[in-house]
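Heads up: the structure comes next, in structure tokens.
The values are calculated or read from the model by the stated rules, or taken from the named source; none is laboratory data. Only a predicted model underlies this, so the values are computations on that prediction, with no experimental measurement involved. Cβ sites come from the backbone with ideal geometry, for glycine too, and all protein chains shown count toward neighbours. For accessibility, only protein heavy atoms count, side chains too; no ligands or nucleic acids. Shrake-Rupley method; radii C 1.70, N 1.55, O 1.52, S 1.80 Å.
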Amino acid sequence: MPKKPLEALSEPMFYVLMALHRQNLCGADIVTWVNKKTGGRVALGPGTLYTILPKLTDEGILQEVGTEGRKRTYTMTEKGGMLYEAECQRLQQVVRDIDREGDEHRLPFKKEA
Amino acid sequence: MAIRKELPFAWYEVDAVEAWLDEQVQQGLRLTGVKSIFGKQCIFEENTDGPTRYRVHIKPKDGYYTRQEEYRETMRELGWEYVDQLNYRADIYRAARPDAVEINTDEEALRDTLRSANRLELVSSLLIIMMIPFMVRNNLQYMKHYDGIYDMLLDGSALLAVSVALLAIFWLVMAVFGILRSVRLRQRYLLDRSYHPDPEVRKRKRIRIVLLALWGMSALILVVVIFTSSGKLQDVPLSDCPVVLLESLCPEEAAQLDYNNEYGNAPFGIAGKYLLYSFATYRQDGPTIWPEGEGVGRGYIPFSYWVNVMDIHSESLAEKYYAEQVAARDDWQAVQVKGWDQAMYRRYTTNLRQEFRSDQLPETPDWQQQILLLRLGSRVVTIGYDGEADMYPRLNTLYGRRYTSSTSAAAT
């Protein structure tokens, strides 16, 4: 059965890219970095990570750059960098849209009569 | 000391397995491995490392085995110790330190694995249920060849039928339980880990005991029947036959018997043993007639004489068996043959299909058959003759072999 192509970045995937944006990291370091950065909000464990890593490497978004014992170190490719930048811009746009809408919509939802 | 415990859940019931393992931790046990022998046997030892927790981790579908070493190293760094493989799709890890980062099995991987495991369980359960009617039908067809319960009891077939019925119930219980488990599993979210297995463990233990009892009884019956029935047949001399042979009954036909043709229809005697009786069968078949030339087309045997001697374990069983044989057909005629407690005679025409009660056999011309059923104590003797001669006036000749001094009593 052919593998399903990556359609959208999930939140854990985005944070994996964020972790590798400025540095090369191994699996355990990626998990630790994301947990620290998000205060544990993003549930990225080794189980999730090793479902994400093969997908991102198969898509050419990440690549291995080194092996030390059993550990492998990953880096983001140029394609990965572009994808990460595009996703950042999209999320910034989302935040701007929220801001433009003002604070009122954050009040408890009330349907107009 | 290693303690073995049967895992009461399927490998893919992740939440239940984890909760059950946590209960074992509370009982002071530490999981050291899993063996697959008739289900999953968990091997524990005494836990001296303090409290811990276990996680069943569903392996990602893609790329796991090429990264297995790296995977386990990452797990180790994040505080997880690999324990054993639960299934080719699932591993068990133990938290080696309290601050171990939660494994967080990927939900999609878990969902896909569950879906396929669930589908497999449903399909196999349904297939088992669909097979049960065939099993029962074959059993009933097999039973059709018997004249009644005592007939079936003597050679163990009645017990075999019970064994098959128990096996059918075993499969049915297992399949229904499989379907129910599969349906219930769909209704709970495994990753919230709120499942409390205690009552379920008790229920499953009961079901397991029922299944084991059904399977055990079925196997036990089978073993008893096999071991009490000798698979080996022994040659016995015709001179052991307790009634007269064809030579005394129809000398003109007996003259045609060919004792030297061991590849043809040479007369013979064989003996064997079944559950509740031992038997000896003696046959004296006429030569095969080949209307289209020797060995060409279909031949037939113009006359056949056979004696089946059954020495049944008890006289009362022999009486009941005899009565059942008599009741099975309405054309028996009561006769008296000296030296026997009971005697019945019947004459009828038959053909291959009627004889074996099967429409699947080829059509053949009818032939005449005469049967004499005798009982003395626990011995039941059936004498059959196919051929032209009329046996009725000669019935008391059969008595002659047992009491050589007097053979004069006439059949009534």
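Below are the figures for this structure:
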| quantity | calculated |
| --- | --- |
| Debye log10 I(q)/I(0) for segment B:107-228, one point scatterer per Cα, at q = 0.10, 0.12, 0.22 Å⁻¹ | -0.46, -0.61, -1.25 |
| Shielding by other protein chains, B:169-179, mean Cβ within 10 Å | 0 |
| Mean projection area, nm², convex hull over Cα of segment B:124-185 | 4.1 |
| Kyte-Doolittle mean at least 0.0, axial Cα span of 24 Å or more - DSSP H helices of chain B | B:107-143, B:157-186, B:198-228 |
| Cα gyration tensor, segment B:41-95 - rounded (a/c under 1.5), prolate or oblate | oblate |
| Charge dipole (chain B, unit charges on Cβ, about Cα centre) - positive-most of B:Met217, B:Leu352, B:His196 | B:His196 |
| Alpha-carbon Rg/Rh ratio, for the protein assembly as shown, with Rh computed the Kirkwood way | 1.28 |
| Estimated Rh, segment A:11-99: Kirkwood, alpha-carbon pairs, angstrom | 13.5 |
| Exercise: per-residue mean of other protein chain Cβ atoms within 10 Å, B:96-108 | 5 |
| Convex hull volume of segment B:230-400 per residue (C-alpha atoms, cubic angstrom) | 141 |
| Expected-Rg normalisation [2.2 N^0.38 Å, Cα atoms] applied to segment B:224-307 | 1.32 |
| Inter-part distance where segment A:1-79 and segment B:309-330 are each reduced to a Cα centre, Å | 81 |
| Principal axes of segment B:3-95: Cα extent on each, largest first, Å | 36, 30, 20 |
| Per-residue average of Cβ from other chains inside 10 Å of A:49-62 | 4 |
| Chain B: most fluctuating residue of B:Thr288, B:Thr397, B:Thr228 per GNM, C-alpha cutoff 10 Å | B:Thr288 |
| Value of D in µm² per second that Stokes-Einstein yields for chain B, Kirkwood Rh from Cα pairs, at 20 °C (1.002 mPa s) | 78 |
| Scattering profile of segment B:311-353 at q = 0.22, 0.27, 0.33 Å⁻¹ [log10 I(q)/I(0), Debye over alpha-carbon scatterers] | -0.87, -1.05, -1.17 |
| Interface burial for B against A (accessible surface, 1.4 Å probe, total of both chains, Å², rounded to 100) | 2000 |
| Pairwise Lys count, chain B - Cα closer than 15 Å, eight or more residues apart or different chains | 5 |
